[in-house]
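Enquirer: Sharing a structure with you now.
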Amino acid sequence: MAGRQLAAFVVAAAVLALCSGVAAQSPDAPRPLPSNYEIIDPGKYRRDQQLACNDDRTNTTACMAKCDKRCPNQCIVLCPGCKTFCMCDFYPGVSCGDPRFTGGDGNNFYFHGEKDHDFCILSDAGLHINAHFIGKRNPAMGRDFTWIQALGIRFAHHRLYMGAQKTAKWDNDVDRLDLAFDGAPIDVPAPDSGAVWRSAAVPGLTVARTASANGVRVRLEGVFDIMANVVPISAEDSRIHNYGVTDDDCLAHFDLGFRFFDLTDDVHGVLGQTYRSDYVNQLSVSSNMPVMGGAPNYVASHIFATDCAVARFGAHRAAGISMVTAKAY
């Protein structure tokens with residue numbers, strides 16, 4: 001299922017980070033999970049869904065585990081001790097829910113932004129990624145509940161769009177992915193066909209489904225590797241968190257996993273800055289909800305705009321663009 005594939009992706013990313021220092025640039029980056037992990041998907045069932053953890057030494061059920069209510073769509077369970085974690089709490093480059101990121105330094109933080117706006121989440125000389133936020137206003141809190149609905153990715157002179165289509169009633173078997181490259185739709189067949197979309201213009205760019213619907217992996221060789229799952233806000237999630245979801249829109253959005261390669265030390269953006277060697281986390285990491293502020297620094301005028309205050313795209317353009325183009329080919 002897509003959830004386990006996303007988990008496997010971030011586990012692999014963490015392992016690779018420990019070996020090569022590529023995905024995370026901090027000695028405090030989290031350790032990879034051992035082999036005895038399982039995934040619970042409470043968003044697809046009821047919040048009280050439980051998993052039986054077996055003890056291989058005694059061949060008995062050691063305990064029953066369930067997700068903490070903070071976990072938006074999946075949680076990880078380590079057996080046989082039933083230690084349960086939200087998947088978004090550990091891995092560099094993961095974003096889930098009301099956007100909760102795990103930075104390149106291994107720390108978790110929220111960035112609420114504002115609904116119906118675009119924000120620069122990563123900007124480097126040769127790579128720029130904006131995220132479009134959707135959401136619901138909570139009058140009692142004075143801010144929006146927000147989720148990432150789409151990504152606009154720029155590299156060299158190319159533009160890649162990944163979006164979750166607006167959906168009223170959610171059906172796991174109906175694909176709600178919207179993908180386009182340089183303005184042309186990308187059609188990726190179901191995985192049982194064994195086909196992968198490959199760009200004719202950029203041979204290093206591929207898009208492959210990780211599930212028959214709503215799961216995709218987008219890779220640009222030597223530049224980025226992105227796993228994206230489209231997920232809804234369920235009625236149960238809305239009731240628990242007071243999201244106020246209505247029958248005409250389930251607020252379909254992305255859960256995301258990122259890996260980046262060859263970022264410069266000038267990289268910026270909501271997530272990008274956490275990969276810098278000189279990044280100093282000034283958030284209250286002990287808080288239940290550390291929030292990164294400064295939204296005006298990251299707002300962009302549209303999904304592909306590189307006009308946020310911290311934009312780096314095109315800086316030293318010749319070197320940055322040639323690096324990306326060379327990697328792609």
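Enquirer: Is it the case that the range 53-68 has a residue that's closer than 23 Å to residue 281 by Cβ, modelled with pLDDT under 75, among the β-branched types (Val, Ile, Thr) and part of a strand (DSSP E or B)?
Expert: no
Enquirer: Quick check on this structure: which one of 72, 34 is at pLDDT below 65 and surrounded by 16 or more Cβ atoms within 10 Å (Cβ to Cβ)? Walk me through how you get there before you give the answer.
Expert: Values: 34 fails: surrounded by 16 or more Cβ atoms within 10 Å (Cβ to Cβ).
Only one candidate passes the filter, namely 72.
Enquirer: Still on this structure: With the requirement that a residue be crowded, with 16+ Cβ neighbours inside 10 Å and assigned to a strand (DSSP E or B), what does the range 172-189 give you?
Expert: 177, 178, 179, 181
Enquirer: So, one more: Out of the residues in the range 247-304 that are of a type in the set (Asp, Glu) and surrounded by 12 or more Cβ atoms within 10 Å (Cβ to Cβ), which is nearest to residue 234 (Cα to Cα)?
Expert: Here the answer is 249.
Enquirer: Being surrounded by fewer than 24 Cβ atoms within 10 Å (Cβ to Cβ) and under 18 Å from residue 180 (Cα atoms) is the filter here; which residues of the range 225-237 pass it?
Expert: 225, 226, listed by residue number.
Enquirer: Right, residue 312: touching a His at 6+ places or on another chain (Cβ under 9 Å), over 21 Å from residue 110 (Cβ atoms) and either at pLDDT 90 or above or surrounded by 15 or more Cβ atoms within 10 Å (Cβ to Cβ) (or both) or not?
Expert: Details: touching a His at 6+ places or on another chain (Cβ under 9 Å): yes; over 21 Å from residue 110 (Cβ atoms): yes; either at pLDDT 90 or above or surrounded by 15 or more Cβ atoms within 10 Å (Cβ to Cβ) (or both): yes.
Yes: the conditions hold for residue 312.
Enquirer: Check the range 160-169 and report whether any residue there is modelled with pLDDT under 95, more than 27 Å from residue 311 (Cβ to Cβ) and assigned to a strand (DSSP E or B).
Expert: Scanning the range 160-169, I find no residue that is modelled with pLDDT under 95, more than 27 Å from residue 311 (Cβ to Cβ) and assigned to a strand (DSSP E or B), so the answer is no.
Enquirer: Ok, one more. Could you please find all residues in the range 210-222 being more than 16 Å from the chain's Cα centre (by Cα), of a type outside the set (Ser, Thr, Tyr) and closer than 21 Å to residue 170 by Cα?
Expert: Listed by number, the residues that qualify are 211, 213.
Enquirer: When residues of the range 236-261 are filtered for being in a strand (DSSP E or B), over 21 Å from residue 214 (Cα atoms) and not aromatic (Phe, Trp, Tyr), how many remain?
Expert: Of the residues in that region, 1 qualify.
Enquirer: OK, next. Considering only residues that are in a strand (DSSP E or B) and buried (at least 16 other Cβ atoms within 10 Å of the Cβ), which ones fall in the range 190-207?
Expert: Pass one, the range 190-207, residues in a strand (DSSP E or B): 197-198, 205-207.
Across the range 190-207, the qualifying residues are 197, 205, 206, 207.
Residue-by-condition table, conditions (1) touching a residue at least 24 places away in the same chain (Cβ under 8 Å); (2) in contact with a Pro (Cβ under 6 Å, 6 or more places away or on another chain); (3) farther than 25 Å from residue 261 by Cα:
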residue: 103; (1), (2), (3): yes, no, no
residue: 122; (1), (2), (3): yes, no, no
residue: 135; (1), (2), (3): yes, no, yes
residue: 143; (1), (2), (3): yes, no, yes
residue: 166; (1), (2), (3): yes, no, yes
residue: 191; (1), (2), (3): no, no, yes
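Enquirer: While we're looking at this one, here's another question. Does the range 175-189 contain any residue that is among the aliphatic types (A, V, I, L, M) and touching a Pro at 6+ places or on another chain (Cβ under 6 Å)? I'd like the intermediate steps shown before the answer.
Expert: So the first thing to find is which residues in the range 175-189 are among the aliphatic types (A, V, I, L, M), and the list is 177, 179-180, 184, 186, 188.
Then keep just the ones that are touching a Pro at 6+ places or on another chain (Cβ under 6 Å); that gives none.
No - not one qualifying residue is present in the range 175-189.
The values are calculated or read from the model by the stated rules, or taken from the named source; none is laboratory data. This is a predicted model, so every value here is computed, not measured. Backbone-built Cβ (ideal geometry, glycine too); neighbour counts: all protein chains shown.
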